[in-house]
Every structure is written in structure tokens, then in C-alpha cells.
Amino acid sequence: KKPEIVIDFFPESGNLLNNVSNTVGVRVLDPVSQKGINTTGYIIADGKDTISRFTTQRFGLGKFSFTPVPRKKYTACVKVGGKAITSEELPAAINSGYALHVDETSNAFNVTVNAQNRDNEKIFLVAHKDAENKFVKQLSGSSGSTIELKKSELGTGVIYFTLFNQHQQPISERLVFI
């Protein structure tokens, strides 16, 4: 049987990270036309407690935030029109890694890096565009570093915020448009 709607999830850092606030993009599509659907939904933990709600708007896109905890299963529930509720399980959260979060203000981006079980690692936050680094900063693997980056110093167009490990391998990335 073909699903009545398609629900996709896009954790801001690529993965959900346990015990850290995560922002998750959600997309709800009509499976036939592949067009976005404006709707509302909610996230439940272990099939019972509602822990977050979301609304999709233009192109069926929306977002929500929540803090996953180990050994819990999270499910999105969405109802469109008179159709039955569609449920879709969120990807499992990981216990060790990084969460990259970007908040936009009128003149800056606040980039927050949270870590779980990565205390002794050196990491690097790089803002880059067109193969040119606009900002580079070494951070420790501890949680809760927030850096304000002025838009005027980043240029215009698509800006990449990439988190690199100590071996210069990318471990998380977030794109913004100025």
C-alpha cells in the first residue's frame, strides 16, 4: 500500500545527539505529486508522551526542537485533511558526537557547538565560501561553545559552517544563505 504522505527528517547536524537540544527540519510531501503539504504534527516518545509540535508551511517544510535521551523511540504523527494519522519514526540518536546549531539575527549568525563524550578532542569551526575561509576557530570538545559571526564579515551567497575534527575531516556542516 502506498503511503498517504511522505515524512522526511533532517537533523541540523546530520545526526540526532542524545542529551543535547537538537533542531530537526521536517518535510511533508504528497507521494504522488511530490509537492509539499501544509500541515501540523507532533513528536511522541515511546508511543505516549508528546514532547514537541511542528507546523509545515511553504513547500511542506517545518522544524522542531527536542532533546533525545538514550533508549527512547521518537515518532512523528501527522494528519492531513480527513486522512488517517501517518506515523514515521525519527532516526535513532547517537550517544557520542557533535551538534551544530545556527541562529540568525538581523546582522549575525550565532553558531553553537555542543558535544557528547568528546571532552579531549580538538575541533575547528570554519566558515567558508567559494573555497575561501572567512572564519576559523579551534574549540575544545566540551559542550556549549557559541560564537557570533557578523554577516558583514562573511560576504553574500551560500556560507558553509563546517566542523572539522583534529585530523581535518569534516564531522558536521550547516549551510546558510545571506
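Quick note: the coordinates plus some simple rules give every number you see, no bench work behind them. Since the structure is predicted, the reported quantities are computational estimates derived from the model, not experimental observations.
Kindly write out, for the range 49-64 in residue order, the coupling ³J(HN,Hα) from the Karplus curve 6.51 cos²θ - 1.76 cosθ + 1.60 (θ = phi - 60°), rounded to whole Hz, with x marking Gly and Pro.
Calculated HN-Hα couplings, in order: 8, 6, 10, 7, 10, 8, 10, 9, 10, 3, 6, x, 9, x, 7, 8 Hz.
How large is ³J(HN,Hα), in whole Hz, for each residue of the range 35-43 in order, when computed from phi with the Karplus curve 6.51 cos²θ - 1.76 cosθ + 1.60 and θ = phi - 60°, using x for Gly and Pro?
Rounded to whole hertz, the list is 8, x, 10, 7, 7, 10, x, 8, 10.
What aspartates and glutamates sit close enough to K35 to cross-link, taking a C-alpha to C-alpha distance under 20 Å and skipping anything fewer than 8 places away on the same chain?
Straight-distance partners of K35: E4, D8, E88.
For K137, which lysines qualify as cross-link partners when the Cα separation must be under 24 Å and same-chain residues fewer than eight apart are set aside?
K137 reaches K122, K129, K150, K151.
Quick one: which residues, 5 or more positions from N19 or on another chain, have an amide H under 5 Å from its amide H? H modelled 1.01 Å from N in the peptide plane, none for Pro or chain starts.
Residues meeting the criterion, in which the H sits 1.01 Å from N, are V69.
How much of the DSSP bridge set in the chain is antiparallel, in percent, rounded to the nearest 5?
100 percent
Among (i) 11.8; (ii) 13.6; (iii) 10.1, which is the computed mean projected area of the Cα convex hull in nm²?
This structure yields the entry labelled (i).
Under a 5 Å amide H to amide H cut-off, with H placed in plane at 1.01 Å, what residues pair with I51 once short-range neighbours are removed?
I43, I44, A45
In 10 Å bins starting at 0, how do the alpha-carbon pair distances of the range 54-115 split up by percent?
So the P(r) values, bin by bin, are 15, 36, 33, 15, 1.
Relative contact order of the range 1-105, please, whole-number percent, based on alpha carbon pairs below 8 angstrom and at least 6 residues apart.
On the way: 239 pairs, mean separation 32.4, N = 105.
Over the range 1-105, the number comes to 31 percent.
Relative contact order for the chain using alpha-carbon pairs under 8 Å, separation at least 6, rounded to a whole percent? Walk me through the numbers before you get to the answer.
Details: 442 pairs, mean separation 31.9, N = 178.
Rounded, it is 18 percent for the chain.
Residue by residue through the range 130-139, which ³J(HN,Hα) values in whole Hz follow from phi under the Karplus form 6.51 cos²θ - 1.76 cosθ + 1.60 (θ = phi - 60°), with glycine and proline marked x?
Taking θ as phi minus 60°, the curve returns 6, 6, 10, 6, 9, 7, 9, 8, 7, 10 Hz for the range 130-139.
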